[in-house]
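Input: a single structure, listed below in structure tokens.
Every number in this text was worked out from the coordinates using simple rules, so none of it is lab data. A quick note: this is a predicted structure, and the numbers were derived from the prediction, not measured. Positions of Cβ are backbone-derived with ideal geometry, glycine not excepted, and every protein chain shown enters the neighbour counts.
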Ligand SMILES: *[C@@H]1O[C@H](CO)[C@@H](O)[C@H](O)[C@H]1NC(C)=O
Ligand SMILES: *[C@@H]1O[C@H](CO)[C@@H](O)[C@H](O)[C@H]1NC(C)=O
């Protein structure tokens with residue numbers, strides 16, 4: 001009974017760690033960066049060094065606005081239930097990645113007069129048999 005329980009727990013733990021434990025990190029500060037994620041995993045995307053000098057910025061996913069911040073206050077984040085943006089280090093963390101997260105992300109920054117002050121993009125790819133080169 002004990003060994004059955006133990007092996008069940010090991011099996012459970014192994015599967016949980018296999019599907020939720022994969023963390024990847026990506027430097028998205030360079031235009032055209034390629035980022036990799038794992039299905040069900042977590043990706044930390046560094047979008048910028050620090051946001052303290054930037055009055056407004058927004059992150060688009062395939063031209064759909066997903067994150068918008070003014071003076072380092074996040075006004076909205078359409079995937080807030082499984083992501084977190086940290087203005088202090090400019091890192092956007094997305095948890096529980098799914099295949100629909102794949103695609104092109106564009107970061108746009110604006111000065112205090114609302115003029116565009118920068119724009120760069122990155123691509124999020126998935127590792128594994130299912131997703132290579134699609
Ligand atoms: C960025 O800051 C957040 C919150 O302080 C922290 O959890 C995260 O680990 C930091 N990420 C990096 C890459 O420094
Ligand atoms: C992760 O996302 C899938 C759908 O993509 C969902 O079915 C599942 O409940 C989510 N898991 C967590 C822990 O949020």
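For the residue pair residue 127 and residue 112, what label-to-label distance in nm results when each label sits 7 Å from Cα along the Cα-to-beta-carbon direction?
Distance between label points: 4.4 nm.
Label 7 Å along Cα→Cβ of residue 31; segment 100-118 residues with amide nitrogen under 16 Å?
Flagged as within label range: 105-110, 116-118.
What nm value, rounded to one decimal, do you get for the distance between residue 53 and residue 96 when each label is placed 7 Å out toward the C-beta?
Between residue 53 and residue 96, the simple spin-label model gives 3.8 nm.
Ranked by Cβ crowding within 10 angstrom, fewest neighbours first, how are 35, 26 ordered? Don't skip to the answer; put the middle values down first.
On the way: 35 18, 26 21.
Ranking 35, 26 by Cβ neighbours within 10 Å, fewest first, gives 35, 26.
Multiply the residue gap between residue 77 and residue 62 by 0.36 nm, knock off their C-alpha separation, and tell me the result in nm, one decimal place.
Working: separation 15, 0.36 × 15 = 5.40 nm, distance 1.51 nm.
Computed gain between residue 77 and residue 62 is 3.9 nm.
Arranged by the count of other C-beta atoms within 10 angstrom, fewest first, what order do 63, 98 take? The partial results should precede the final answer.
Numbers: 63 8, 98 12.
Ranking 63, 98 by Cβ neighbours within 10 Å, fewest first, gives 63, 98.
Evaluate the relative contact order of segment 23-126 (contact order divided by residue number), counting alpha-carbon pairs under 8 angstrom at least 6 apart; express in whole percent. It would help to have the intermediate numbers written out before the result.
Working: 259 pairs, mean separation 34.8, N = 104.
For segment 23-126, the relative contact order is 33 percent.
Determine, for 75, 66, the number of other Cβ atoms within 10 Å of each Cβ, and report the residues in order from fewest to most.
On the way: 75 11, 66 19.
Fewest-to-most Cβ neighbours within 10 Å comes out as 75, 66.
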